[in-house]
Structures are given as structure tokens and as C-alpha cells.
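Asker: Mind having a look at this structure? Questions to follow.
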Amino acid sequence: MYVGAYIYILPTPSYLEINDNAEISCSIAPNPFTDYFILEANKANDTKIEIYDTDGKLIFTSNLYDQSTQIHTIKWSIGMYILKFAQGKNRYVKKIVKQ
């Protein structure tokens, strides 16, 4: 299923993680999450995050201004989401799960 400019959701493997550049990194905790998760990035300059549901609908977008950001997910449905994290031309894509 096509989900965006750089993201494809495939039934296998059971996880999706793409890191095109070792100079950028982000971590998400907890994952799976319930009401919120914390995104930590090695830098916030020129950084944008986008979160898509499994239908490819963009449900959240933001520019990062701090290296640690709390994202509230109370209104989100339970299920899998795709987080796209971009710094300049580099990107990082990760599966996240709401319980």
C-alpha cells in the first residue's frame, strides 16, 4: 500500500525502520504507547516529523524545536502508525503502535 512520498507499508517484515544517514537519529519511548510518547532527536535544527495512519492519512505534523518532544495521542485510535522523521534531505522512518 502506498502511504506517501517515501513510505511503503508491507505485510512483512513485522517492523519497518529506515535510517538513510547515521548522523541523524531519533528514539520513541514508550513504543507501544497509550496516551503519549516522547520523541528524542540528536538535533532539532531543520527537523520535521509526520505521522501517518495505515490508510496513508497524515494525522500529525510538526517541526521540532527541542531535542525532546512529548506527543499526545489520547484522541488517536488503537493501532499502528508510521512516523517519518526528516532532517534536511535525510529521513528516518519507524513503525509506532498505540495500545
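The values are calculated or read from the model by the stated rules, or taken from the named source; none is laboratory data. What you are looking at is a predicted structure, and each value in this text was computed from that prediction instead of being measured. With ideal geometry, Cβ positions are generated from the backbone for all residues, glycine too; neighbour counts draw on all protein chains shown.
Asker: Only residues in the stretch 30-56 that are free of Cβ contacts under 8 Å to residues at least 12 places away in the same chain and outside any strand (DSSP E or B) count as the first member; pair them with residues that are buried (at least 19 other Cβ atoms within 10 Å of the Cβ) and of a type outside the set (A, V, I, L, M, F, W, C), Cβ under 7 angstrom, at least 6 apart or cross-chain, and list the lot.
Answerer: none
Asker: Can you report the number of residues in the stretch 16-54 which are acidic (Asp, Glu) and at pLDDT below 95?
Answerer: Here the count works out to 5.
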